[in-house]
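The values are calculated or read from the model by the stated rules, or taken from the named source; none is laboratory data. Nothing here was measured: the structure is a model prediction, and the numbers come from that model. With ideal geometry, Cβ positions are generated from the backbone for all residues, glycine too; neighbour counts draw on all protein chains shown.
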2 protein chains.
Amino acid sequence: MIAKTPTVPYYAVIFTSIRTDDDKDYVEMAEIMVDLAKQQDGFLGIESARDEIGITVSYWKDLESIKNWKENSEHIIAQDKGREIWYKSFKTRITKVEKDYEFHKSENEKK
Amino acid sequence: MIAKTPTVPYYAVIFTSIRTDDDKDYVEMAEIMVDLAKQQDGFLGIESARDEIGITVSYWKDLESIKNWKENSEHIIAQDKGREIWYKSFKTRITKVEKDYEFHKSENEKK
């Protein structure tokens with residue numbers, strides 16, 4: 001789903017990753033982390049897709065919410081396992097959303 | 001591939017989309033647009049993944065480069081076809097990258 005985010009400005013964390021072949025506990029942990037992120041103050045939404053690379057974009061109210069999430073103790077365990085087991089490489093980019101616009105095909109156009 | 005981007009600040013355009021079932025010319029046009037984007041002034045890199053949704057993040061030197069790319073005449077034709085044919089819905093977010101960091105597993109750790 002495309003995340004429903006508020007009016008700008010807000011923040012986006014772009015996490016781009018290349019996985020290892022080791023899937024042990026990965027899907028389970030990813031689901032737990034998404035559920036946990038959703039409970040954090042300032043969390044606004046998340047979008048994720050993977051084929052050759054994975055891209056997960058999480059949206060946040062402000063930089064403090066992002067910092068708190070990065071330092072969440074359960075999240076730190078997941079981050080450590082990510083570096084040890086699941087990821088060959090990743091890049092995290094913390095960004096401020098300055099402008100956004102969207103398109104939805106009308107029912108009429110869908111036919 | 002994870003895009004090799006310069007030191008912050010730079011800009012990221014996050015394009016999240018849900019496709020229609022109509023694939024006509026889509027893959028071809030997507031490839032042409034990536035090739036064309038790479039030729040634009042200020043283009044820094046691109047990352048893309050699709051499963052249930054598609055996420056494409058393109059990276060740019062500044063807002064002017066993004067504006068010029070949005071107004072590129074061939075790109076406008078592709079954008080129009082996107083709304084008419086290929087996309088049920090999409091959201092575009094223009095963001096300023098304020099901080100980034102990365103991880104690469106060392107050869108030693110890979111074993």
Next on the checklist: For region A:67-99, which positions are at the interface with chain B (Cβ under 7 Å from one of its Cβ atoms) and under 16 Å from A:Tyr26 (Cβ atoms)?
Outcome noted: A:Arg83, A:Tyr87, A:Lys88, A:Ser89, A:Phe90
Checklist entry - Looking at B:Gly45, is it surrounded by 15 or more Cβ atoms within 10 Å (Cβ to Cβ), more than 7 Å from chain A (Cβ to nearest Cβ) and either in a strand (DSSP E or B) or touching a His at 6+ places or on another chain (Cβ under 8 Å) (or both)? => result yes
Checklist entry - Pick from A:Glu64, A:Glu102, A:Glu28: which is within 11 Å of another protein chain (Cβ to nearest Cβ) and either surrounded by fewer than 15 Cβ atoms within 10 Å (Cβ to Cβ) or within 11 Å of the chain's Cα centre (by Cα) (or both)? => result A:Glu102
Next on the checklist: Looking for something charged (D, E, K, R), touching a residue at least 24 places away in the same chain (Cβ under 8 Å) and within 30 Å of B:Lys67 (Cα to Cα) - is there at least one such residue anywhere in region A:67-90?
Outcome noted: no
Next on the checklist: Here is a list: B:Asp23, B:Asp80, B:Asp35. Which entry is surrounded by fewer than 17 Cβ atoms within 10 Å (Cβ to Cβ), within 13 Å of the chain's Cα centre (by Cα) and acidic (Asp, Glu)?
Outcome noted: B:Asp35
Checklist entry - Taking region B:63-110 as the region of interest, how many residues are not hydrophobic (A, V, I, L, M, F, W, C) and not in a helix (DSSP H, G or I)? => result 18
Checklist outcome for this item: Residue pairs qualifying under the 6 Å Cβ cut-off, at least six apart or on distinct chains, with the first in region A:23-40 being over 25 Å from A:Thr5 (Cβ atoms) and of a type in the set (Phe, Trp, Tyr) and the second being at pLDDT 95 or above and part of a helix (DSSP H, G or I), are A:Tyr26/A:Trp86
Checklist entry - From the list A:Lys61, A:Lys4, A:Lys105, A:Lys99, which one is in contact with a Leu (Cβ under 8 Å, 6 or more places away or on another chain) and closer than 26 Å to B:Ile66 by Cβ? => result A:Lys61
